[in-house]
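To start, the structure itself, in structure tokens.
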Amino acid sequence: MPNYNSQKWDEWIRAVLKGDQNAYRLLLTSLRLWLTAYFTKRVHSNVVEDLIQDTLLTLHAKRQTFDSRYTFGPWIAAVARHRWIDH
């Protein structure tokens, strides 16, 4: 499974919170790779894409709640885990 790209994710989410659309695209692209691996190990392949989309939508809706004093990896992992549990 691809590892957290913590350093880049932290950099990108901070830029996203300041309105940087390019950083948002980079973050979403990187997260998609990680989320694909994350969910592929946990659910049947026919629901992986739905869970990825749910997680990315949750990120989009709740990104302002992220406290940039902390690292982003555990925050997005918790979001993914909750999407998986809700599934």
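Give the number of residues within the range 47-87 that are β-branched (Val, Ile, Thr) and within 15 Å of Trp9 (Cα to Cα). So the answer is 3.
Please count how many residues of the range 65-87 are assigned to a helix (DSSP H, G or I), touching a Leu at 6+ places or on another chain (Cβ under 7 Å) and of a type outside the set (D, E, K, R). The qualifying residues number 4. Here Asp50 passes the criteria (1) open to solvent by 60 Å² or more (accessible area, probe 1.4 Å); (2) modelled with pLDDT under 95; (3) not hydrophobic (A, V, I, L, M, F, W, C) except the one numbered (2).
Conditions (1) open to solvent by 90 Å² or more (accessible area, probe 1.4 Å); (2) among the aliphatic types (A, V, I, L, M); (3) in contact (Cβ under 8 Å) with a residue 60 or more places away in the chain, marked per residue:
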residue	(1), (2), (3)
Lys18	yes, no, no
Trp34	no, no, no
Tyr38	no, no, no
Leu56	no, yes, no
Arg63	no, no, no
Phe72	no, no, yes
Ala78	no, yes, no
His87	yes, no, no
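The values are calculated or read from the model by the stated rules, or taken from the named source; none is laboratory data. Predicted, not measured: the structure shown is a model, and the values here were computed from it. Here Cβ is always computed from backbone atoms with ideal geometry, including for glycine, and neighbour counts include all displayed protein chains. Just so you know, the surface numbers come from the protein's heavy atoms only, side chains and all, with ligands and any DNA or RNA stripped out. Shrake-Rupley method; radii C 1.70, N 1.55, O 1.52, S 1.80 Å.
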